[in-house]
1. Show me the strands (runs of 3 or more DSSP E) entirely contained within region 662-734 in which 2 or more residues are over 17 Å from R633 (Cα atoms).
2. Of everything in region 544-558, what is of a type outside the set (G, A, S), open to solvent by 10 Å² or more (accessible area, probe 1.4 Å) and out of contact with any Ser or Thr (no Cβ under 9 Å at 6 or more places or on another chain)? Give them in sequence order.
3. Against the definition (farther than 14 Å from E667 by Cβ and open to solvent by less than 90 Å² (accessible area, probe 1.4 Å)), how does A732 come out, yes or no?
4. Only one residue in E310, E351, E274 is among the acidic types (D, E), within 30 Å of T625 (Cα to Cα) and not in a loop (DSSP other than H, G, I, E, B), so which one is that?
5. Which numbered condition trips up L120, out of (1) of a type in the set (A, V, I, L, M); (2) within 15 Å of the ligand (Cβ to nearest atom); (3) surrounded by fewer than 20 Cβ atoms within 10 Å (Cβ to Cβ); (4) touching a residue at least 24 places away in the same chain (Cβ under 8 Å)?
6. Return yes or no: is E134 closer than 19 Å to Y539 by Cα and either within 16 Å of the ligand (Cβ to nearest atom) or of a type outside the set (S, T, N, Q) (or both)?
7. Does region 91-130 hold any residues that are of a type outside the set (F, W, Y) and more than 20 Å from the chain's Cα centre (by Cα), and which are they?
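The values are calculated or read from the model by the stated rules, or taken from the named source; none is laboratory data. Every value quoted in this text rests on a predicted model; they were computed, and no experiment measured them. Glycine also receives a Cβ, built like all others from the backbone with ideal geometry; neighbour counts cover every protein chain displayed. When the accessible area is computed, the model is the full protein with side chains, heavy atoms only, and any ligands, DNA or RNA have been set aside. Shrake-Rupley method; radii C 1.70, N 1.55, O 1.52, S 1.80 Å.
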Amino acid sequence: MSTKFFSALSIILAVCACCPKTGKPVYLDPSKPLEERVEDALSRMTMEEKLAMTHAQSKFSSAGVPRLGIPELWHTDGPHGIRPEVLWDEWDQAGWTNDSCTAFPALVNLAATWDRDLSLLYGNCIGEEARYREKDILLGPGINMGRTPLNGRTFEYMGEDPYLAGQLVVPYVKGVQTNGVAACVKHYAVNNQEVRRTATSSNLDDRTLYEIYLPAFKAAVVEGGAWAIMGSYNLYNNQFNCHNKRLLCDILKGEWGFDGVVISDWGGCRDDDEAVTNGLDIEMGTWTNGLRGAASDSYSNYHLANPYLERLRDGRATQEVLDDKARRILRTVFRTSMSPEQHFGSFNSPEHYAAARKIAAQGIVLLKNDGALPLNVPDGGKILVVGENAYKMMVVGGGSSNLKTKYEVIPLDALREAFDGKADVVWERGYVGDVTTDYNKVVTGQDLSESRSADQLMADAVASAADADIVLYIGGLNKSKNQDNEGTDREDIVLPYGQDRLIEALAATGKKMVVVNISGSPVAMPWADKVNAIVQGWYGGSESGHALVDVLTGAVNPSGKLPFTMPLALADGPLKTERQYPGIQEEGKDWWQEYYDEGVFIGYRWYSSKGIPVCYPFGHGLSYTTFDIADARVKRSGNGFKVMATLKNTGSVAGAEVVQLYVSDVEASVERPVKELKGFEKVYLEPGQSRKVEFTLDRQALSFFDAEKHAWVAEPGEFHALLGTSSEDIKADLTFTL
Ligand code: GLC
């Protein structure tokens with residue numbers, strides 16, 4: 001039968017399937033239940049139309065069904081803001097003048113807030129910006145676990161603990177999707193490094209997979225209702241993750257009942273047959289048959305294009321698998337661009353910049369303070385600011401999360417604004433980090449050129465300290481190659497560009513000194529004992545300068561907590577061998593092999609279980625006020641337990657504390673971490689105010705994953721509930737028996 005016949009037939013079907021009430025075909029009637037719309041649309045589609053939707057038609061879009069008035073799906077980076085428009089077939093920016101966005105803080109900064117409400121605010125704001133830019137799928141958030149501090153994309157993720165990431169990804173996803181935009185949670189899964197990210201197999205046991213690397217994704221899907229998941233570049237147990245049967249079919253769509261779409265990372269689809277059968281729904285960014293970039297016919301060469309058509313025609317591929325892909329894609333369209341609720345979104349609004357500033361500030365972590373903060377400078381005094389990160393714009397760079405923002409407030413400008421007429425703010429660069437000012441046509445307009453030598457730069461900074469009332473160092477990393485950047489990992493956690501030497505030299509002047517580390521991942525701080533205060537700033541987005549100065553001046557009382565451990569040295573960590581990281585080559589294996597031999601012992605699970613001292617522990621963060629946790633107790637409740645306590649602000653200024661609950665299973669048949677985060681609550685209190693906090697521990701919270709039984713097991717015996725303000729700062733140790 002000719003396609004013309006089918007088209008005519010489908011139109012006749014469309015007419016007779018019209019809904020008598022509205023006269024519209026069911027799929028076009030937004031008042032109809034989602035699944036009815038999906039089935040009606042599917043019934044009208046030809047095989048070729050279904051197939052066309054399963055792969056890209058441009059760099060960032062996948063086909064709809066023009067004949068039925070079903071629009072294409074537009075995908076956009078990234079987790080921190082809406083990427084500037086690119087050309088149809090290129091990575092290059094299109095050079096639009098109306099696509100500068102609000103740059104929100106890096107997700108590690110959001111994680112450091114430990115605040116579920118702020119995560120919802122973040123998701124809603126970025127979802128509004130995506131909707132306004134008519135994007136249906138936001139390629140974010142990223143929630144891969146911090147297995148190594150070297151991971152180049154640590155700044156894009158939410159730390160080293162599955163519970164923290166799981167609790168924060170849920171509101172983010174809901175916030176995004178309330179705008180009729182699909183959150184595409186990435187990179188699924190066990191994608192924990194950038195070194196050889198497209199050629200390394202992550203090999204690990206099921207207990208580790210289910211206890212550490214899956215929980216945040218499961219929360220995003222089961223609790224957050226994520227509509228999309230991005231397969232990652234790497235392999236898991238030697239099958240590529242964009243068509244990994246176990247991860248996509250057995251676990252994601254099987255065990256978790258995921259009804260959305262699996263989208264490949266750009267270029268992550270690597271095999272014709274597996275792409276069809278192993279759970280991939282939309283293939284994006286592929287360079288098939290060696291074609292790279294935008295060869296005119298490259299889209300028909302996609303694995304889910306002509307090769308798939310051949311398999312459908314010769315019977316190697318089934319209609320029902322194609323229909324399942326098409327259903328999931330149609331469901332995504334009816335949830336987004338054809339949603340019953342019409343959303344307009346908003347872009348660059350004052351509310352979005354205010355949200356960016358608030359989230360950035362609430363995630364800034366005060367690591368150490370002997371009273372030097374909040375800044376207290378005599379009238380007419382001099383603040384010497386040293387460091388490239390006081391000046392360099394940070395919204396740019398880092399890879400696919402690179403953004404073009406309407407404006408970025410740098411720390412130096414925010415300081416000059418705050419101390420205008422009060423103190424002299426003098427800047428010395430101190431070192432040269434990265435002089436790039438053009439990021440794929442996003443041009444910062446800054447002049448980062450420098451003629452002075454490293455020694456001269458340091459001498460100038462030290463000399464300028466002589467008559468300063470305080471030295472405010474603002475350095476760290478900068479999202480350039482190997483310094484928090486997609487595609488490259490860091491090579492150590494030591495600060496680059498000779499910064500340690502510079503900080504030591506400045507500290508040696510004896511001047512009061514505050515160090516602000518701007519980074520998205522842990523750095524070593526060998527000078528921590530030689531300075532008066534240390535602040536972990538982050539890539540805070542468009543309002544980062546204001547957020548930082550809000551905290552430094554005390555306008556905002558810091559309440560951030562580290563979402564990852566700040567180790568003393570990389571060697572103290574759990575990854576000791578090449579086979580653990582970055583992987584090895586093995587006889588007869590096509591791909592690099594990496595073994596997660598450390599099992600569940602990553603991050604604080606490692607350091608606390610092995611008694612290894614760290615620079616600053618997971619969950620650590622100080623305040624300008626003080627808090628007390630009292631009346632802690634635990635009682636049985638149903639088939640679980642309740643843990644209660646009273647938090648009091650015992651200081652003189654309002655502030656927030658994050659009460660953290662860790663569980664310790666002291667009688668287990670397997671080796672368990674000495675503590676695991678199973679609850680947290682961020683509480684804002686006025687001076688003198690108290691608030692009860694209460695946590696519920698169900699059996700799941702007490703369980704470990706038993707790979708043999710393929711089930712979570714809570715063994716009877718003694719447990720401890722540890723209440724504290726960091727993973728090390730435990731205020732109450734409550735014993736109970738299951
Ligand atoms: C990149 C990244 C992914 C991004 C995609 C599209 O390689 O891995 O996070 O969303 O390609 O830019």
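1. Correct list: 676-685, 704-706, 711-713.
2. H546, D550, T553, V556
3. yes
4. On the way: E310 fails: within 30 Å of T625 (Cα to Cα); E274 fails: within 30 Å of T625 (Cα to Cα).
One residue alone meets the criteria, E351.
5. Failing condition for L120: (2).
6. Details: closer than 19 Å to Y539 by Cα: no; either within 16 Å of the ligand (Cβ to nearest atom) or of a type outside the set (S, T, N, Q) (or both): yes.
Here the answer is no, as E134 does not meet what is asked.
7. Correct list: D92, Q93, A94, G95, T97, N98, D99, S100.
Matching residues to (1) in a helix (DSSP H, G or I); (2) more than 16 Å from the ligand (Cβ to nearest atom):
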site: G152; (1), (2): no, no
site: G159; (1), (2): no, yes
site: G166; (1), (2): yes, yes
site: I212; (1), (2): yes, yes
site: G225; (1), (2): no, yes
